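The values are calculated or read from the model by the stated rules, or taken from the named source; none is laboratory data. Being a predicted model, the structure only gives us computed values, none of them experimental. Every residue, glycine among them, receives a Cβ derived from its backbone with ideal geometry; neighbour counts consider all protein chains shown.
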Amino acid sequence: MYIRRYNQFKNYKYAKRIYSIYPYRNALDLAIAVILAGEIGLVVSGFVGDIMMPIIGHFSGGMDFAELKYTLSEAVPAVMDGEVVVTAAVAENAIMWGKWVNAIINLVIVGFVLFMIIKAYNKSKKKAEEAPAAPPAPAIEEVLLGEIRDLLQKEKFNTNFYQMKKVLMLAIGLATTMAFGQITEGEDDLVTVCKDTVDGWKKGGYFSLNGSQVSLTNWVAGGQNSVSINSLFGLYANLKKGSMTWENSLDFGYGLMNQGENLFSGDEKWIKTDDRLDITSKFGQKGSKVCYYAALTNFRTQTTAGYGADDNFTEISGFLAPAYWLTAIGMDYKPSMKEGSEFSLFVAPITSKLTFVNDTLLANAGAFGVDEAFIDDITGLYNPGKKFRSEFGGYMRIKYKTKLAENITFTTKLDLFSNYIDNPSRIDVNWENLLEIKVWKFLSATISTHLVYDDDVNISFKDYSGNETAFGPRVQFKEVFGLGLAWKFDQ
């Protein structure tokens, strides 16, 4: 019996040893992981194809991303002579970049899910591996108090000169230690505050309101009464957590002007001098000391209708007409700068730019680069203008902010976009500059400039007689100066 038990034990040891070196002992776990991964892929594909894309298609005029393509050669039907094929059919040759966009979205979502799973696993693993912390050592104040107590107990309150001298020295040492202890606690608080300012949210914003007014009565030199008002408003919320950064900003500017004999009678029309809404969000994961893997999305539009300089009744723009939505994936270079300055160079070889024209009249006219309305020569049917235009290309964004003086701040933002498919050498430019001069606590002067060049936006050029001499893309420029109330806040 003992021999049999020994052989069983020996065989068990051999089996355990073989199991320990068997490379496929986790085959069941692997099979479960593969099955779950396949199911996750189906869930993600369903989420993108059945939920996200229909929502995007709804807001983009019923567009299906999977059908977006760039046709290299049209399909040619087969030529038949009865039942004899004279010329075989030629299938359409096209670049299906819309399906590629869907695949990128799938990849981003799957990568995010895997990132969250691995992050949760590593976090639980670290908690399991952390050893229990050793009990803190007693403070030096406690040690000195203990020695004083022991001395008093040992001598039974003997108050000779020698013992009193020792007790006095220990008391002085205790007081000195407590004093230095207070300084050390203050330093610890300072370190904690500094650490909190590095990691965590940093929020703030600004608001300025500028205006001017002119009133003329029997003024022989000529002129008109006028009132103008201009406002700037901005918010930002930036998060830094370890090697991850998330930067969000909202900028809004609006200005109005009215001039004439009766400014507030309702006869004179207020003219818009500034109108812009700009929302940007950028996520970055640190790749090196000064470089981040980053993804950026930017949305730009205006809030009210705009009119031409010579016609105050015909709308040439409006809310979401146009609107630009840009999404880019690339690298962000952010070197260390002195206090009060920041620099960012974002380069994205993969960029999607969408243009929306949410106005039927403007869309039918082909404004802002969308396809205009036309009548089909063959069918005679009327085809309305497109309200949506998509572009795929490369993108670069440069942002620099610095303090020229204690009360002067300069900020510049330059956006460059090149369409890979249509005239890649024609680069769209969007360049904004802002100079802020703080005169007093709540009084400041601002000078802002905005330069735009879009190769898809055609502008009419007229001579002094009002005759159109040219029609095509041109450089647009705007400059606004204001002096008035200003308020900044940071958290």
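Worth pointing out:
- Subset of the range 403-417 [surrounded by 15 or more Cβ atoms within 10 Å (Cβ to Cβ) and either polar (S, T, N, Q) or within 16 Å of LYS488 (Cβ to Cβ) (or both)]: THR409, PHE410, THR411, THR412
- Failed criterion for ALA94 (all others in (1) part of a helix (DSSP H, G or I); (2) modelled with pLDDT of 75 or more; (3) over 20 Å from ALA295 (Cβ atoms) hold): (1)
- Unique residue being in contact with a Cys (Cβ under 7 Å, 6 or more places away or on another chain) and either at pLDDT 90 or above or not in a strand (DSSP E or B) (or both) when the list is MET331, MET337: MET331
- Single condition ILE398 does not satisfy, out of (1) assigned to a loop (DSSP other than H, G, I, E, B); (2) at pLDDT 95 or above: (1)
- Residues considered: ALA348, ALA373, ALA328. Of these, the only one that is over 23 Å from LYS272 (Cα atoms), touching a Pro at 6+ places or on another chain (Cβ under 6 Å) and not aromatic (Phe, Trp, Tyr) is ALA373.
- Residue count for the range 89-103, restricted to those that are surrounded by fewer than 14 Cβ atoms within 10 Å (Cβ to Cβ) and of a type in the set (Val, Ile, Thr): 1
- Condition check for ASN423: crowded, with 19+ Cβ neighbours inside 10 Å and either touching a His at 6+ places or on another chain (Cβ under 7 Å) or not aromatic (Phe, Trp, Tyr) (or both): no
- Residue within the range 345-352 that is of a type in the set (A, V, I, L, M) and touching a Lys or Arg at 6+ places or on another chain (Cβ under 7 Å) present: no
- Residue check for VAL370: surrounded by 15 or more Cβ atoms within 10 Å (Cβ to Cβ), assigned by TED's automatic domain parsing to the domain that holds SER281 and in contact (Cβ under 8 Å) with a residue 24 or more places away in the chain: no
- When SER460, SER444, SER465 are checked against the criterion of being in contact with a strand residue (DSSP E or B) (Cβ under 8 Å, 6 or more places away or on another chain), of a type in the set (Ser, Thr, Tyr) and more than 16 Å from PHE368 (Cα to Cα), SER444 stands alone in meeting it.
- Filtered residue count, the range 441-467, keeping only those that are under 16 Å from ALA367 (Cβ atoms) and in a strand (DSSP E or B): 3
- The set of residues in the range 85-103 being among the polar types (S, T, N, Q) and under 14 Å from SER390 (Cβ atoms) consists of ASN102 alone.
- Pick from the range 344-375, criterion in a strand (DSSP E or B) and among the aromatic types (Phe, Trp, Tyr), ranking: nearest to the chain's Cα centre (by Cα): PHE346
- In this structure, VAL214 qualifies as at pLDDT below 85, of a type in the set (A, V, I, L, M) and assigned by TED's automatic domain parsing to the domain that holds ASP275.
- Members of the range 390-406 that are over 17 Å from the mean Cα position of the chain (by Cα), closer than 17 Å to LYS338 by Cβ and not basic (Lys, Arg): THR402, LEU404, ALA405, GLU406
- In the condition set (1) on the phi > 0 side of the Ramachandran plot; (2) touching a strand residue (DSSP E or B) at 6+ places or on another chain (Cβ under 6 Å); (3) not hydroxyl-bearing (Ser, Thr, Tyr), GLY223 is compliant with all but (2).
- Matching residues in the range 225-240 - criterion: being surrounded by fewer than 17 Cβ atoms within 10 Å (Cβ to Cβ) and farther than 17 Å from GLY200 by Cβ: SER226, PHE233, LEU235
- Some residue of the range 243-251 being acidic (Asp, Glu), part of a strand (DSSP E or B) and over 30 Å from GLY200 (Cβ atoms): no
- Residues (without any contact (Cβ under 8 Å) to a residue 40 or more places away in the chain and touching a strand residue (DSSP E or B) at 6+ places or on another chain (Cβ under 9 Å)) located in the range 269-294: TRP270, LYS272, ASP275, LEU277, ASP278, ILE279, THR280, SER281, PHE283, TYR293
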